[in-house]
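So the structure is just underneath, and the comments pick up after that.
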Amino acid sequence: MMNTLTQTEKLKAKFMGKVSIECETKIQEGDSDLYKKKKEAEASLYEKEKEAEAQKATAEATLYSRKTVADAELYAKQKEAEGLVALAQAQGSHISILMDAFGGNYAAFRDYHKTGASGGGEGVDCRATQEVPPALDGGN
């Protein structure tokens with residue numbers, strides 16, 4: 001009986017050692033697979049983060065470009081508006097000077113303009129046209 005028990009113990013130790021080694025091998029293989037999958041997931045995450053950063057940088061560059069264009073257009077429109085205001089002020093000043101020269105007589109002022117501000121002059125008070133500075137009388 002002792003021989004049988006010894007033999008059983010030897011077999012048990014032999015198979016348990018084998019099973020233990022197989023189990024440890026499977027655990028290591030599982031750990032290795034898990035490690036590989038973890039690294040693949042980290043690499044994928046890193047790649048996606050870099051893609052997102054690149055998209056963000058592209059969006060920011062596009063926004064900056066569009067803002068620059070819009071600012072330039074706004075500046076041009078502001079300068080155009082300032083020019084129109086200056087022109088309107090100059091024309092208003094010109095009309096005011098002419099109206100003063102005609103003593104506030106709108107009909108004489110209108111007739112002066114109808115004759116082209118230089119020719120004809122019939123019915124127009126000559127004093128008024130003499131008072132108009134040369135730069136404002138249409139070049140004559």
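The values are calculated or read from the model by the stated rules, or taken from the named source; none is laboratory data. The model shown is predicted, which means the values in this text are computed figures rather than measured ones. Here Cβ is always computed from backbone atoms with ideal geometry, including for glycine, and neighbour counts include all displayed protein chains.
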With Glu24, Glu49 as the choices, which residue is surrounded by 10 or more Cβ atoms within 10 Å (Cβ to Cβ), under 54 Å from the mean Cα position of the chain (by Cα) and free of Cβ contacts under 8 Å to residues at least 12 places away in the same chain? Glu49
Enumerate the pairs (first residue in region 65-88 and part of a helix (DSSP H, G or I) and surrounded by fewer than 10 Cβ atoms within 10 Å (Cβ to Cβ); second residue anywhere and modelled with pLDDT under 95 and of a type in the set (Val, Ile, Thr)) with beta-carbon separation below 7 Å, excluding pairs fewer than 6 apart on the same chain, so at least 6 apart or on different chains. none
